[in-house]
Amino acid sequence: MTLNPSEYQKAFDEALKIGRPPNITALFPNSRALIVSGKYIDRAMLTKGSAIAMAANGRNYFVIRGALMAAQRANAAIIIEIAKSESGYCAINYWNLARYVDTLCNEMGITVPVAVHADHYGIKTQADIESAKTVIPSIFDAGITSTSIDASHMPDADNLLASIELYKYVPGWAGFETEVGEIKGASGLSTPEEALFLVQGLNAHGIFPDWIALNNGTSHGIESGSEGIQIELTADVHDALKPYNVSGAQHGTSGNSTEKLVQIREKTRTTKANVATALQMLSWGLKVNDYGNAQLDENGEFIKVEGEGVTEAAWQALTAYAREKGLKKGDYKKLNLPFETLLMSQDKTIRERMCRRVEDFTYDMLVNVFNCRDTASITVSAILAAGGYDPGPRAERIENPDEWTPGKIREKGGAIVRDRGEEGDFED
């Protein structure tokens, strides 16, 4: 339901009292930022129908600020996220993201619900599982309200077993994303069989993910030659998962046409779409097409739009460093951390135009592509209807736990045969 401004303000004030999770109220007791569980964002998109929440990867301050400005303008619920790997090459990380979001929401008077998501908590080894048992609680202590446990790099049985083990450390009220199949373009595509295996096994253990991410043809970053989202494959997987009430999370949206993104919205159960590289490039002032792809000139170099984004001198410093370090175009994301001080110390007018460029692109995506205008009202109404910060599970256990013991999980997982695709590092 859409609330008029006075109705929304009243509902927002009430939602502030009851809708913020315990970690958020403890960290920010006097805040007027409505930071909520990711579960509420997913449910708002389902309630509106054929709507997708943007999960903006906050690789820098300008992206976070611009995305929040756009969400306010569209009255749209939004997710601000950062991945485990991004925490290594950005000043933003799992432990300070909520603080950025809370500060900016209060500074700008943002009154839309925001989930703070720890994306791609990657698990590749047993050592990763052990360290995660302390790291996952620490990120919730720091204000995370939704997370992904991504053990998709491992064999299917190990992925499921790791997810079961680590979910113990995720608060029950928090949004939860699982993943099957590494995001690696057209190589090693996910199948309905392995998605069912993962979700059924979680269900048997009383774990009901809000989202599942697939390798459905996209790549992280901007990759030439990628086939992009495979709509029918995604629809087939989501259809197979219908009894388990799990939504889709679309990764690797940069580089996909708006037409494809509209199709994924209309033809699948996707309610979350990650947008990272396009927003980073926009903030810097690069020429970007409708797909979110940064354009290259005849020499294969990025095209900097004069008078947009960072200053020309700052852009020259970034590119000189990239050449010195031998960074490929897809590795320009690694410029975020070493140039944080330079970019933040630019003139206020420059910083503002960086944010506005992100805002304008994000607003268009929210309204015209993802169809999530006015989902803030839906989210706030859902919080009031639930009476608190936890909307509860959307699914129920339908699988027999006796059929999903560790031994049987390994037996079932070992029977799954599919092309795993090329080897390599496919982290975000």
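Quick notes on this structure:
- Residue 72, sole failed condition from (1) surrounded by fewer than 24 Cβ atoms within 10 Å (Cβ to Cβ); (2) of a type outside the set (Gly, Ala, Ser); (3) not in a helix (DSSP H, G or I): (3)
- If the condition is being of a type in the set (Val, Ile, Thr) and either touching a Phe, Trp or Tyr at 6+ places or on another chain (Cβ under 6 Å) or touching a residue at least 12 places away in the same chain (Cβ under 8 Å) (or both), then region 331-382 contributes 350, 358, 362, 367, 369, 375, 378, 379, 380.
- Members of region 36-71 found to be in contact with a strand residue (DSSP E or B) (Cβ under 9 Å, 6 or more places away or on another chain) and among the polar types (S, T, N, Q), listed by number: 37, 57
- Checking each residue in region 22-39 for being in contact with a Gly (Cβ under 9 Å, 6 or more places away or on another chain) and not in a helix (DSSP H, G or I) picks out 28, 32, 34, 35, 36, 37.
- Being surrounded by fewer than 24 Cβ atoms within 10 Å (Cβ to Cβ) and farther than 16 Å from residue 139 by Cα is not true of residue 25.
- Pairs with Cβ under 6 Å, 6+ apart, first in region 389-414 and within 13 Å of residue 160 (Cβ to Cβ) and touching a residue at least 40 places away in the same chain (Cβ under 8 Å), second of a type in the set (S, T, N, Q) and buried (at least 16 other Cβ atoms within 10 Å of the Cβ): 399/200; 399/203
One line per residue, one yes/no per condition, for (1) more than 18 Å from residue 279 (Cα to Cα); (2) surrounded by 20 or more Cβ atoms within 10 Å (Cβ to Cβ):
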| site | (1), (2) |
| --- | --- |
| 79 | no, yes |
| 85 | no, no |
| 91 | no, no |
| 101 | no, yes |
| 112 | yes, yes |
| 116 | no, yes |
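- Residue count, region 84-104 (criterion: modelled with pLDDT of 95 or more and of a type in the set (Gly, Ala, Ser)): 2
- First in region 17-42 and farther than 30 Å from residue 269 by Cα, second anywhere and modelled with pLDDT of 95 or more and aromatic (Phe, Trp, Tyr), Cβ under 9 Å, 6 or more apart: 25/389; 32/12
- Within the option set 248, 252, being at positive phi and under 16 Å from the mean Cα position of the chain (by Cα) holds for one residue only, 252.
- Close Cβ contacts (under 8 Å, 6 or more residues apart or on different chains) running from residues in region 47-64 that are at positive phi to residues that are at pLDDT 95 or above comprise 50/265; 50/266; 50/371.
- Matching residues, region 44-69, being surrounded by fewer than 24 Cβ atoms within 10 Å (Cβ to Cβ) and within 16 Å of residue 271 (Cα to Cα): 46, 47, 48, 49, 50, 51
- Qualifying residue in region 123-131 (condition: crowded, with 21+ Cβ neighbours inside 10 Å and in contact (Cβ under 8 Å) with a residue 40 or more places away in the chain): yes
- Complete set of residues in region 320-349 that are more than 21 Å from residue 86 (Cβ to Cβ), out of contact with any helix residue (DSSP H, G or I) (no Cβ under 7 Å at 6 or more places or on another chain) and not charged (D, E, K, R): 320, 345, 349
- Of note, residue 292 satisfies the criterion of being crowded, with 22+ Cβ neighbours inside 10 Å and outside any helix (DSSP H, G or I).
- Candidate set from region 145-159 (those that are in contact with a Ser or Thr (Cβ under 9 Å, 6 or more places away or on another chain) and surrounded by 23 or more Cβ atoms within 10 Å (Cβ to Cβ)); member that is modelled with the lowest pLDDT: 152
- Within region 245-272, residues that are part of a loop (DSSP other than H, G, I, E, B) reach partners that are of a type in the set (Asp, Glu) with beta carbons closer than 8 Å, at six or more positions or on different chains, in the pairs 246/210; 251/428; 255/223; 257/290.
- Taken together, 83, 76, 70 contain a single residue that is over 14 Å from the mean Cα position of the chain (by Cα) and over 19 Å from residue 354 (Cα atoms), which is 76.
- Test: residue in region 210-221 that is surrounded by fewer than 19 Cβ atoms within 10 Å (Cβ to Cβ) and among the acidic types (Asp, Glu): no
The values are calculated or read from the model by the stated rules, or taken from the named source; none is laboratory data. A quick note: this is a predicted structure, and the numbers were derived from the prediction, not measured. We place every Cβ from the backbone using ideal geometry, glycine too, and count neighbours over all the protein chains shown.
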